[in-house]
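The block underneath contains the structure these notes are about, expressed in structure tokens.
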Amino acid sequence: MRALRCALVLLLAGGASAEELPVVRGSLVGSAPGDARRLVVLADAPLAGRVEVRDAAGRRVARIAPEELPARWGSIPRHYLVDASTVREVGRYELVIGRGRQATRHPFEVKERPYAGLADALLAFVRQQRCGYNPFLDQVCHALDGRTAYGPRPAGTYLDARGGWHDAGDQLKYLLTSSTSTAHLLLAHRFAPAAFADTHDALGRPQAPNGLPDVLDEARHGLEWMLKLHPAPDELYHQVADDRDHAGWRLPHDDRVDYGWGPGRERVVYFADGQPQGLREHRSASDGLANLAGRYAATMALGFEAFRERDPAFAARCLQAAREVYALGQARPGVQQGNSYGAPYRYGEESWTDDMAWGAAELHRVTGEAAYAEDAARHARAFGAGGWWAIDRPGHYQHYPFFAYGHHALHESAAPDLRRELEGFYRAGLAATAGRAARNPYGMAAPFAWCSNNFATALATQALLLDRMTGIREARALALVHVEWLLGRNPWGTSMFTGLPAAGPFPTDVHLSTTSLTKRPVVGGLVDGPVYRDVFETLKGVRLSRPDPFARFQGEAVYHDDLADYSTNEPTLDGTAAAILLFALLEG
């Protein structure tokens, strides 16, 4: 029975080659009664007449005239929009195109809470990324992390950097992404505490409730690792390991890479000194550390808020670390980028005022100190509507963490004039994406740069936050276009989350050693998502391991459910954590 189910899932996920036009693309989890239901029909020939919506009993409940869209995608000659928003009663329906046995039938649902349970489900992937004790594998990995490079301590000094999360399909650990991920988990709980269950213990083991929502167990795992990276008031470390990790497919506890202290022993821990770094020819363009310091401070302030009553001593450590590291950012404006060793790819973040605004706003929230509010306003105005919004081809993590959460964090305590400025920054960023949205039939406004799903998640999150700040319902509609892109309303008709929804289709052959080598699936990982075709063709080491079942549906961007394609099909820690926040906003 298990083998049959796996075969059916694989057929669903890889069955694009058997699809005959017309086909319909829409959200695989359904939509709420009051939200738009805008399905996209891909066709070879003109659609004749109206299409029908039938209920579960086969009764016709609507006839809809399809609207042909001017935008095209790839080799598909015609795209139509079918707006079924008038179908508002909760239930299961079919969109029927044509008549008789030749009719195309597409099921969809109207649900009271279509996104219920998704935020909590995605935690399974985050737990699977744990370093140290890994509950998915029931193994301990990287127990000797690590030895220092750069900084005040002699090179090779042991520093306890155990714990945290592996970043993606590799086994590196970055403060750059882990701080954001931890913050997003804490914010998700703030916005929707009822969305998260308590079924795991602090180590991430199942069927072991411990009185703490699982999202806070996972956030604390991140906070404790971050505290280790700040062992003294004037020290901050930012990365464990580097691309020497990319030395073959292996499970984390079988890691035998040699960083200079013997195979499988200590890995390098990089100090954040605000200077260009790189132990070989590829050096970063670092010129400060305020990006990391601002996010670190914001995350620790959020940790203080979450644990101040649950564990006052731990909360006090978080607040002290937030103050100290924020001060490091004040002293060293600029960015600390990720480090590479033998490969040219790194996290090339270039913005930092957004991070300092966020850190100051969260510190003001928990301390009430006016100086933090003044700093937050100054940095927020300096960043403004900055970021990737108007850029078609942003660099890899050039504008991270993809949207300025500090604008929302500051908004609730700001004076009316500043509130209007902050709302304007969010509106201007979203408006700058409209040109891209008009170029494809799906209204996808994010660029198809590497990690495009992270851009789509950020766009949807910023739009939902703007809705909360202003009540602009158009902002929610824009958000849902991108939520539904992630959940099947895209050219390939697939969810971008492993294992979700359970009926599929979803990615099954992802670039992740833990699932590939164990043959055990994991629920909830958000894959990188489609990239411009020329990006896929020029990245080093990226390829396909078999004929592409999605070939008919490729366009200006390509997506492959193929283990060998690390550019579109690798699940990431920070993308998944950002999606947890997004789904929590939709629930809360």
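What follows is calculated from the coordinates using simple rules that are stated; it is not laboratory data. Here the structure is a predicted model, which is why all the values come from computation and not from measurement. As a convention, Cβ positions derive from the backbone with ideal geometry for all residues, glycine included, and neighbour counts pool all protein chains shown.
Quick notes
- Summarising the amide proton neighbourhood of residue 268: residues at separation of 5 or more, or on other chains, whose placed amide H is nearer than 5 Å comprise 147, 241.
- Amide H contacts of residue 171 (H built 1.01 Å from N, in plane; Pro and chain starts excluded): no residue 5 or more places away or on another chain comes under 5 Å.
- Evaluating 6.51 cos²θ - 1.76 cosθ + 1.60 at θ = phi - 60° for every residue in region 383-399, the Karplus couplings come out as 7, x, 9, x, x, 8, 3, 9, 9, 6, 9, x, x, 5, 6, 4, 10 Hz, glycine and proline recorded as x.
- For the chain, the alpha carbon convex hull comes to 145 Å³ per residue, rounded to a whole number.
- Structural descriptor for the chain: relative contact order 16 percent, calculated from alpha carbon pairs under 8 angstrom and at least 6 residues apart.
- Sequence-distant residues sharing a close amide H with residue 61 (under 5 Å, placed H): 53, 54, 55
- Taking every lysine pair in the chain that is 8 or more places apart or spans two chains, those with Cα atoms closer than 27 Å amount to 4.
- When 109, 349 are arranged by Cβ crowding within 10 Å, least crowded first, meaning fewest neighbours, the order is 109, 349.
- Region 21-110: relative contact order in percent, alpha carbon pairs under 8 Å with at least 6 residues between: 33
- Tensor-based shape of region 425-534 (alpha-carbon gyration tensor, a/c under 1.5 rounded, otherwise prolate or oblate): prolate
- Cα centroid of region 450-509 to Cα centroid of region 274-289, whole Å: 34
- Charge tally in the Cβ shell below 10 Å around residue 311, where Lys, Arg are +1 and Asp, Glu are -1, residue 311 excluded: +3
- Phi to ³J(HN,Hα) by Karplus 6.51 cos²θ - 1.76 cosθ + 1.60 over region 204-212, Hz, x for Gly, Pro: x, 7, x, 6, 8, x, 10, x, 10
- Ranking of 261, 389 by count of other Cβ atoms within 10 Å, fewest first: 261, 389
- The packing ranking, built from the mean of other Cβ atoms within 10 Å per residue, places the peptides 498-511, 534-547 in the order 498-511, 534-547, highest first.
- Debye intensity ratio I(q)/I(0), log10, region 21-110, q values 0.12, 0.24, 0.25 Å⁻¹ (C-alpha model): -0.33, -1.29, -1.37
- Pairwise centroid distance, computed over Cα atoms, of region 175-217 with region 431-448, Å: 33
- Highest to lowest packing among 419-427, 569-577, 340-348, scored as the average C-beta count within 10 Å: 569-577, 419-427, 340-348
- Proxy reagent accessibility, fewest Cβ within 10 Å first, across 31, 516, 178, 284: 516, 284, 31, 178
- With θ taken as phi - 60° and the Karplus curve 6.51 cos²θ - 1.76 cosθ + 1.60 applied, the whole-hertz 3J(HN,Hα) list for region 65-71 is 8, x, 9, 6, 8, x, 6 Hz, x standing for glycine and proline.
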